[in-house]
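Presented below is the structure to which this report refers.
The values are calculated or read from the model by the stated rules, or taken from the named source; none is laboratory data. A quick note: this is a predicted structure, and the numbers were derived from the prediction, not measured. Cβ coordinates were reconstructed from backbone atoms using ideal geometry, including for glycine residues, and neighbour counts include every protein chain displayed. Heavy atoms of the whole protein, side chains included, go into the accessibility calculation; ligands, DNA and RNA do not. Shrake-Rupley method; radii C 1.70, N 1.55, O 1.52, S 1.80 Å.
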Amino acid sequence: MWFTGLPSAGKSTVSHALADRLRAEGVDVEVLDGDEVRPHLSAGLGFTRADRDVNVRRIGWVARLLASHGTVVLVPVIAPYADARQTVRDDHAQHGVGFAEVFVSTSLEVAEQRDVKGLYARARRGEITGMTGVDDPYEQPATAELELDTAVLDLDTSVERAYALLGQTLDRPLERTLA
């Protein structure tokens, strides 16, 4: 399950809360959080469109590999470009691995108010460039299976809706997978 949206939209918050719920139910789950994975999987890449696409494809490949072995994989990654997200979706389909996209549609205004890492403020001051939503585009998904606006929906509701989608997406019931 791929969670996409602007920085500070709530992707990681929803993903980690959903992972906690799944773990409590004994489900084998991994969260491939873009902020945590990028330094290891894509060290040395910058934030050009080409580098971002490579990063998204790499994370998508790892997600597909884990999912093909029965692990539920939650991927909160900005993935700002529609074609890169489509490449990941297509790769999953080609390998018979379930895929669902969750668009965390929280507005730029709300994301900037949250600005958990201070990136928007730095971009607005001109200290950094290539900031998604400021001077680099975010292409909203046209085919997301679920949309969550975390400025409107509380965390429990967001997790419940993602959980329901996950149950529909898997080719097996959500069940206890850990011994």
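The table below gives the values:
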read-out	value
Those residues of the range 78-93 which are within 25 Å of G133 (Cα to Cα), open to solvent by 20 Å² or more (accessible area, probe 1.4 Å) and not polar (S, T, N, Q), in sequence order	I78, A82, D83, R89
Close pairs (7 angstrom Cβ cut-off, 6 or more residues apart or separate chains): without any contact (Cβ under 8 Å) to a residue 12 or more places away in the chain in the range 84-96, open to solvent by less than 70 Å² (accessible area, probe 1.4 Å) and part of a helix (DSSP H, G or I) anywhere	none
Condition check for L165: touching a residue at least 40 places away in the same chain (Cβ under 8 Å) and touching a strand residue (DSSP E or B) at 6+ places or on another chain (Cβ under 6 Å)	yes
Breaking point among (1) touching a Ser or Thr at 6+ places or on another chain (Cβ under 7 Å); (2) open to solvent by 30 Å² or more (accessible area, probe 1.4 Å); (3) free of Cβ contacts under 8 Å to residues at least 60 places away in the same chain, for D154	(1)
Residue that is farthest from I59 (Cα to Cα) [pool: residues in the range 14-37 that are open to solvent by less than 30 Å² (accessible area, probe 1.4 Å) and touching a residue at least 60 places away in the same chain (Cβ under 8 Å)]	G26
Qualifying residue in the range 66-77 (condition: touching a residue at least 12 places away in the same chain (Cβ under 8 Å) and open to solvent by 60 Å² or more (accessible area, probe 1.4 Å))	yes
Residue match in the range 100-112 (condition: free of Cβ contacts under 8 Å to residues at least 40 places away in the same chain, surrounded by 18 or more Cβ atoms within 10 Å (Cβ to Cβ) and over 17 Å from G34 (Cα atoms))	no
